[in-house]
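To start, the structure itself, in structure tokens.
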Amino acid sequence: MKRIVAVFIAILLLIGILIVNAAEKSIVKIPDPQKYRITLTDGLIMHTWVYPSVGKKPAPLMLLLPMMAHTHKSYDPFIEALYQRTHSDSTYQVPTIMNFDLRGHGQSTDAKEENYNYNSMTKAEFKMLPGDIKEAVAHILADSAQKLDGKDITIVGASIGANTAIMTTQLISGITKVVMLSPGENYRDLTPGKSVEQFQGQMLIFAGVEDSYSAGSSRKLAELNPTHSQLMVFEGPDHGTDIINNSDKAMQSLVDWLSQ
């Protein structure tokens, strides 16, 4: 009888621990983002969602650039993971996050004289992406209400967003970290090799081993600047944000690297 009681008590304690852990995990509340509609030079209205920083001001800035055919929503699990980190590590400051719909994607399709759709965009139009990000960042840095540190900018990009991310470093000063999820040597005439070679900040490159083109491209790009780059190749065929959204290990590795 005593053994049965002891086992019963142990089970109750275990259930209590699981309930407490679940409750603690749900404590972190992600603030509602502020939506910006930024009119670019060519008339495109770029839509971006800005999540406020948790911590001191001026705040670092993080830019999130989705992959082809995806919108800003593809980064929702990543944003949740960043805010969750503040619960387990009180020293980590979530930066102000600027989450984009890129040109021709989601809500960023309307311009003065035409509509953009990624399915019909030309290579010349895809090559406008780094300049789009430059203009949008200039707009947000000029917003005094945000209180941002323009010398502490991180860009996370996936697939064509990864190429855009590193190429934007040649247009914006103050970028200290770049994450490339499944970059390619050439996506729609966005060729990041020169930008990788010249970047003096920290680079993290993710690829899925069965995503052959991106895995091969990632290895070659990392070799162009081994001093400043770190390459992580994960099992499976996942591409872009699917790598972190489908793998707890990949998500944890990314958040760990960013919070160093």
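The values are calculated or read from the model by the stated rules, or taken from the named source; none is laboratory data. Being a predicted model, the structure only gives us computed values, none of them experimental. As a convention, Cβ positions derive from the backbone with ideal geometry for all residues, glycine included, and neighbour counts pool all protein chains shown.
Of the residues in region 106-123, none is crowded, with 23+ Cβ neighbours inside 10 Å and touching a helix residue (DSSP H, G or I) at 6+ places or on another chain (Cβ under 7 Å).
Checked against the criterion of being at pLDDT 85 or above, in the same structural domain as Phe206 (by TED's automatic domain parsing), over 17 Å from Ile153 (Cβ atoms) and surrounded by fewer than 16 Cβ atoms within 10 Å (Cβ to Cβ), region 47-70 has at least one qualifying residue.
I'd like to know if region 181-196 contains one or more residues that are in contact with a Gly (Cβ under 6 Å, 6 or more places away or on another chain) and closer than 22 Å to Asp132 by Cα. Yes, because at least one residue in region 181-196 is in contact with a Gly (Cβ under 6 Å, 6 or more places away or on another chain) and closer than 22 Å to Asp132 by Cα.
Restricting attention to region 218-247, the residues being out of contact with any strand residue (DSSP E or B) (no Cβ under 8 Å at 6 or more places or on another chain), closer than 21 Å to Lys177 by Cα and either aliphatic (A, V, I, L, M) or in a loop (DSSP other than H, G, I, E, B) (or both) number 3.
Restricting the search to region 135-163, which residues are surrounded by fewer than 22 Cβ atoms within 10 Å (Cβ to Cβ), closer than 20 Å to Tyr75 by Cα and touching a Ser or Thr at 6+ places or on another chain (Cβ under 7 Å)? Matches in region 135-163: Ala136, Thr154. Can you confirm whether region 83-92 contains a residue that is touching a strand residue (DSSP E or B) at 6+ places or on another chain (Cβ under 6 Å), in the same structural domain as Thr241 (by TED's automatic domain parsing) and either under 27 Å from Asn246 (Cβ atoms) or not in a strand (DSSP E or B) (or both)? No, region 83-92 has no match at all.
Within region 139-168, residues that are under 25 Å from Lys220 (Cα atoms) and assigned by TED's automatic domain parsing to the domain that holds Lys220 have Cβ atoms under 9 Å from residues that are in a helix (DSSP H, G or I) and of a type in the set (Phe, Trp, Tyr) in these pairs: Val156/Tyr75; Val156/Phe78; Ala158/Tyr75; Ile160/Phe126; Thr164/Phe126, counting only partners at least 6 apart in sequence or on another chain.
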